[in-house]
Amino acid sequence: MSFRNWFSGKKRLDLSKRSPAVRSLIKKTIAYLRRRAEEDPTTQIRPAMLARAIGENEMMALTALDMLQSAGVTKAHLGLYCEATMHRMGEVAPGRPVPEALPCDACPGELHDLDAGTMRKEIFFTLDPEALAELKEAA
Ligand SMILES: [Zn+2]
């Protein structure tokens, strides 16, 4: 699966033709995102974090976040993290190449890179709190 897929967007969330399992997944996801948005509207959601919170596997969590992106509620980003500390080192803009190496604030004087295994890339999502609030009826 390509990261590029997660940046495509339509505009609507139509659950009418979805299975009860998917509807339930989306409802749990929306409830979780609302709690997170109340605490911090600029929060960053990682699929693994959502998966643990709603008792689903990571692929299902990613599916839910992608469906909500199509509805304009979430937005995917590709984050770059220090492998040792999970400190966030930066973000790759859609369609741009991943930098070969980056300096790390958490490890003074060190450059980390993906090939050496000292940097990892991971998808995270940001929220549009207004779009999330408007989803009430659709969900
Ligand atoms: Zn580091």
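The values are calculated or read from the model by the stated rules, or taken from the named source; none is laboratory data. Keep in mind that this is a model prediction, so the values were computed, not measured. We place every Cβ from the backbone using ideal geometry, glycine too, and count neighbours over all the protein chains shown. Quick note on the areas: whole protein, heavy atoms, side chains included, nothing else; ligands and nucleic acids left out. Shrake-Rupley method; radii C 1.70, N 1.55, O 1.52, S 1.80 Å.
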Heavy atoms of Asp66: accessible area, 1.4 Å probe, square angstrom to 10
40 Å²
Global form of the range 22-87, assessed from the alpha-carbon gyration tensor, a/c cut-off 1.5
prolate
Over what distance in Å are the Cα centres of the range 7-73 and the range 84-102 separated?
24 Å
Regarding the chain, what's the average projected area of the Cα-atom convex hull, expressed in nm²?
9.0 nm²
Could you provide, to the nearest whole Å², the per residue accessible area of the chain with probe 1.4 Å?
59 Å²
To the nearest 0.05, the calculated FRET efficiency linking Lys17 and Val98 through their beta-carbon distance, R0 being 41 Å, is 0.70
How much length, in nm to one decimal, is gained on full extension between Met59 and Glu39, taken as 0.36 nm per residue of separation minus their Cα-Cα distance?
4.7 nm
In Hz, Karplus ³J(HN,Hα) per residue of the range 52-69 (6.51, -1.76, 1.60; θ = phi - 60°; x = Gly, Pro):
5, 5, 10, x, 10, 7, 5, 5, 5, 4, 5, 4, 4, 5, 6, 4, 6, 5
Checking the range 54-139 for trypsin sites (Lys or Arg not before Pro) in a loop per DSSP with at most 14 other beta-carbon atoms within 10 Å yields Lys136
Starting from the range 44-139, pick out the GluC sites (Glu not before Pro) whose DSSP state is loop and whose Cβ has at most 11 other Cβ atoms within 10 Å.
Glu100, Glu137
